[in-house]
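Just so you know, all these numbers are worked out from the coordinates, no wet-lab data involved. Note that the coordinates shown come from a computational prediction; the quantities given were computed from them, not determined experimentally. Positions of Cβ are backbone-derived with ideal geometry, glycine not excepted, and every protein chain shown enters the neighbour counts.
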């Protein structure tokens, strides 16, 4: 951050067009495809780990994480890891997992409860992230989702400011 100039959320925004998003009726398998394709050409730190979920009117409904997808495909993952220790890699390729992968992402997503506006300060966004225990927030411009902001990017900006003092 440049001394004396406070950056805004829009300065670190990942545009919605560059972030995985899909309708709530899409399947877990389609979400896996979406996330896998979104990784292509990205460095490890830039990878996409979540999918924004929208309704018919393109209103944000929720966020689907990689953990949500794994729990959806293999319900045993939602239980104690000691119970799942006997799972084999092939179990994820079996008929049961394939049936689970056809289920709607709506069943497994978390509601999108927090967001920031594109003109908000990075300090406000970091505060919301800490309070909501979120590492990614949807960014709004009025009633429209325009992208996301990541905690990693905000933390980097804060760290650079501290180090430049």
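Which one of 17, 113, 36 has the biggest mean-square fluctuation once the chain is modelled by GNM with Cα springs under 10 Å?
Among 17, 113, 36, the largest mean-square fluctuation in the Gaussian network model of the chain belongs to 17.
Expressed as an acute angle from 0 to 90° and rounded to the nearest 10, what is the orientation of the C-alpha long axis of helix 122-132 relative to the principal long axis of the chain?
Between the helix axis and the principal axis of the chain, the angle is about 30 degrees.
If r is the Cβ-Cβ distance from residue 33 to residue 56 and R0 is 25 Å, what FRET efficiency results, to the nearest 0.05? Spell out each step's value before the answer.
Values: r = 21 Å, r/R0 = 0.84.
Efficiency at R0 = 25 Å is approximately 0.75.
What is the distance, in nm, between label points placed 7 Å from the Cα along the Cα-to-Cβ direction at residue 117 and at residue 43?
With each label point 7 Å from Cα toward Cβ, the separation is 3.3 nm.
Would any residue of the stretch 13-32 have its amide N under 20 Å from a label point 7 Å out along Cα→Cβ of residue 95? List them or say none.
29
I'm a student and want to see the number: the projected area of the Cα convex hull of the chain, averaged over all directions, in nm².
Working: hull surface 45.9 nm².
Over all viewing directions, the chain projects a mean Cα-hull area of 11.5 nm².
Give me the percent of DSSP beta bridges within the chain that run antiparallel, rounded to the nearest 5.
On the way: 17 of 22 bridges.
Beta bridges within the chain, antiparallel portion: roughly 75 percent.
Between 54, 155, 108, which gets the highest mean-square fluctuation from a Gaussian network model of the chain, Cα cutoff 10 Å?
Highest fluctuation of the listed residues: 155.
Stretch residue 18-residue 103 to full length: gain in nm at 0.36 nm per residue minus the Cα-Cα span? Please list the in-between numbers first.
Values: separation 85, 0.36 × 85 = 30.60 nm, distance 2.51 nm.
This chain segment gains 28.1 nm when fully extended.
For residue 110 paired with residue 130, estimate the spin-label separation in nm (one decimal), with each label point 7 Å from Cα along the Cα-to-Cβ line.
For the pair residue 110/residue 130, the computed spacing is 1.9 nm.
Sum -39500 (n - 2.57) across every DSSP H segment of at least 4 residues in the chain, then divide by the residue count to get the 222 nm mean residue ellipticity, nearest 500.
On the way: 7 runs with 58 residues, N = 165.
Result for the chain, helices only: -9500 deg cm²/dmol.
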